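Participant: Below: one structure in structure tokens.
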Amino acid sequence: MDKNWLTRSSFTFGGVDMYTEFGIQLTDDGLPKDVLIPELRPRKQQIPQRHGAYDYGAEYYDERPIGIRCVTTRVLTRADTREIAYVLSKKAELRTWNEPEKYYIGRIYQAPDLEQLRNIGNRFPLIFICEPFAYGETKTEQMPSLVYLPKYKGTAATPTYIVIENIGQTAAVNIQITQTNRKEVI
């Protein structure tokens with residue numbers, strides 16, 4: 001999705017461009033309502049006759065709510081609302097115009113109210129409950145030497161999936177993968 005005036009207020013869910021398919025666009029400034037950082041799951045224990053609580057250290061994040069206020073470019077029929085409900089009823093990839101290179105995985109848990117706007121369209125809020133982090137594209141890189149340190153552009157430690165494929169004519173033997181936990185500020 002390019003950032004231009006046609007897509008400025010659009011989003012996709014499950015690969016469906018909601019503006020192109022249903023005439024749904026974001027209202028107001030066209031920005032989704034997000035949180036700065038997902039909430040940490042507290043791991044604390046209150047101890048009787050002690051002030052405060054013992055903190056075991058919060059390590060894991062809860063889900064991230066992303067709110068989108070929508071308006072339609074035409075009044076939706078009952079058939080339209082059933083089609084939109086079908087698309088939005090699954091857990092899928094959410095992309096917005098303002099960050100097309102990233103996506104979230106989420107779903108809607110609460111049914112939104114559909115408000116009719118004087119026979120010209122409809123207005124409704126969507127709240128997607130998403131996994132805590134944004135995802136980027138899958139990268140394929142060549143290993144330039146026997147020791148290879150991939151560039152990590154993330155901001156949180158997450159599981160990594162590595163596939164090593166031999167595209168040469170000779171057998172690859174004695175492959176060793178060593179995991180190191182390096183913290184880099186990017």
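Participant: Tally Lys and Arg at +1 and Asp and Glu at -1 over the other residues with C-beta under 15 Å from the C-beta of residue 60: what net charge comes out?
Facilitator: Numbers: positive: 41, 43, 44, 64; negative: 39, 55, 59, 62, 63, 131.
Counting the neighbours of residue 60, the net charge comes to -2.
Participant: If you stretched the chain out fully between residue 20 and residue 120, how much longer would it get, using 0.36 nm times the residue separation minus the C-alpha to C-alpha distance?
Facilitator: On the way: separation 100, 0.36 × 100 = 36.00 nm, distance 1.74 nm.
Additional length available on full extension: 34.3 nm.
Participant: Can you sort 93, 141 by how many other beta carbons sit within 10 Å, fewest first? Don't jump to the answer; show the numbers that get you there.
Facilitator: Working: 93 14, 141 8.
Placing the least packed residue first, the sequence is 141, 93.
Participant: Would you please give the residues with an amide H less than 5 Å from that of residue 27, counting only those at least 5 places away or on a separate chain, with H modeled from the backbone geometry?
Facilitator: Close amide H contacts, sequence-distant or interchain: 69, 70, 71.
Participant: How much length, in nm to one decimal, is gained on full extension between residue 105 and residue 44, taken as 0.36 nm per residue of separation minus their Cα-Cα distance?
Facilitator: Values: separation 61, 0.36 × 61 = 21.96 nm, distance 2.87 nm.
Result: 19.1 nm gained on full extension.
Participant: What is the calculated FRET efficiency for residue 135 to residue 178, with r their C-beta to C-beta distance and R₀ = 22 Å, to the nearest 0.05?
Facilitator: Details: r = 25 Å, r/R0 = 1.16.
Once the sixth-power term is evaluated, E becomes 0.30.
Participant: A follow-up question, please. Give me the percent relative contact order of segment 11-130, please, defined on Cα pairs under 8 angstrom at least 6 residues apart.
Facilitator: Relative contact order for segment 11-130 comes out at 29 percent.
Participant: Only counting other Cβ atoms within 10 Å, I'd like 114, 26 sorted with the fewest neighbours first. The partial results should precede the final answer.
Facilitator: On the way: 114 13, 26 22.
Ordered by Cβ neighbours within 10 Å, fewest first: 114, 26.
Participant: What is the sum of charges, Lys and Arg at +1 and Asp and Glu at -1, for the other residues whose Cβ falls under 15 Å from the Cβ of residue 119?
Facilitator: Working: positive: 74, 118, 123; negative: 80, 115.
Surrounding charge for residue 119 is +1.
Participant: Does segment 1-111 come out rounded, prolate or oblate, given a ≥ b ≥ c as the square roots of the eigenvalues of its C-alpha gyration tensor, rounded meaning a/c under 1.5 and, failing that, prolate meaning a/b above b/c? Write out the running numbers ahead of the final one.
Facilitator: Numbers: a/c = 3.14, a/b = 2.33, b/c = 1.35.
Because a/c hits 1.5 or more and a/b exceeds b/c, segment 1-111 counts as prolate.
Throughout, read-outs are computed from the coordinates displayed, never taken from laboratory work. All figures in this text were calculated on a predicted structure; none of them were measured in a lab. Cβ sites come from the backbone with ideal geometry, for glycine too, and all protein chains shown count toward neighbours.
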